[in-house]
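Taking it in order: structure first as structure tokens, then the write-up.
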């Protein structure tokens with residue numbers, strides 16, 4: 001019995017050793033083949049670094065160095081619009097211009113120049129709107145538009161002039177500190193050339209949009225440019241024609257002046273009205 005057990009044990013060890021030997025031989029063959037393939041690839045395919053998105057990039061997002069990374073890619077299959085060096089992507093050292101994403105880029109997707117703006121180029125009005133804000137366009141001319149000195153990024157106060165009663169006009173400050181996001185069809189803040197705009201676009205809340213629609217349809221809107229960094233809140237301002245001409249009177253005086261008491265007397269065919277003191 002012991003002899004049979006020993007023979008079985010020896011046979012098992014021999015089979016296990018043989019299997020291990022053959023497996024080792026197979027691994028060696030595979031490693032040799034892999035090494036040979038690597039040599040062929042290195043001889044026939046040249047690799048180069050290409051920039052890809054390190055995370056999902058959304059429309060309107062400013063592109064930064066943290067949003068990208070490099071991977072090796074076969075040189076002969078790199079897209080023509082891909083970025084292969086940092087200077088092309090972010091500009092030279094010290095340059096402050098940035099790129100903005102104009103199409104969604106998935107994580108690990110090759111970053112193409114067709115999916116981002118040029119350095120310093122604006123991505124459009126939608127990228128300037130904060131959450132909950134809306135773009136609204138106001139018609140202006142050379143007078144109401146501050147003689148063409150407005151640029152995207154400026155802040156303005158908006159005045160309304162209209163008739164509140166028959167023959168009585170008023171000018172009132174209706175909104176202050178409103179941000180301009182576009183002049184005509186341009187949202188590029190770097191354009192410093194003065195132009196006489198036909199329209200300006202502001203970023204406001206939906207309720208303010210309704211107010212501006214009402215104001216624009218019932219009177220005239222005029223813009224007043226704020227200074228850079230001026231965050232003050234303007235006081236309530238309202239000027240009537242009487243205020244402008246210095247004809248301000250107390251209401252009681254106006255009523256008293258309008259109250260005239262007379263007595264009528266007849267002299268022949270004529271009727272004469274004679275003013276007399278009004279009794280209380």
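Read the figures in this text as sums done on the coordinates, not as results from a lab. Computed from a prediction, not measured in an experiment: that's the story for all the values here. We place every Cβ from the backbone using ideal geometry, glycine too, and count neighbours over all the protein chains shown.
R0 = 30 Å: FRET efficiency of residue 66 with residue 129, Cβ-based, nearest 0.05?
On the way: r = 24 Å, r/R0 = 0.80.
Efficiency, from the Cβ-Cβ distance: 0.80.
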> To the nearest 0.05, what FRET efficiency results for residue 179 and residue 92 with a Förster distance of 22 Å applied to their C-beta separation?
Replying inline: 0.10
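With a ≥ b ≥ c the root eigenvalues of the C-alpha gyration tensor of segment 47-115, is it rounded (a/c under 1.5), prolate (a/b larger than b/c) or oblate? The partial results should precede the final answer.
Details: a/c = 1.81, a/b = 1.23, b/c = 1.47.
Oblate, since a/c reaches 1.5 and b/c is not below a/b.
In nm, what is the difference between 0.36 nm times the number of residues separating residue 235 and residue 78 and their Cα-Cα distance?
Values: separation 157, 0.36 × 157 = 56.52 nm, distance 6.02 nm.
In short, 50.5 nm is gained.
Can you sort 220, 131 from fewest to most other Cβ atoms within 10 Å of each residue's own Cβ? Don't skip to the end; give the middle numbers.
Numbers: 220 15, 131 4.
Fewest-to-most ranking of 220, 131: 131, 220.
I'm a student and want to see the number: the projected area of the Cα convex hull of segment 126-245, averaged over all directions, in nm². Don't skip to the answer; put the middle values down first.
Values: hull surface 32.8 nm².
Projected over every direction and averaged, the Cα hull of segment 126-245 covers 8.2 nm².
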>> Please arrange 81, 171, 137 by how many other C-beta atoms lie within 10 Å of their C-beta, fewest to most.
In response: 81, 137, 171
> Given R₀ = 25 Å, FRET efficiency for residue 45-residue 108 by Cβ-Cβ distance, to 0.05?
Replying inline: 0.75
>> As a footprinting exposure proxy, order 176, 230 by other Cβ within 10 Å, with the fewest listed first.
In response: 230, 176
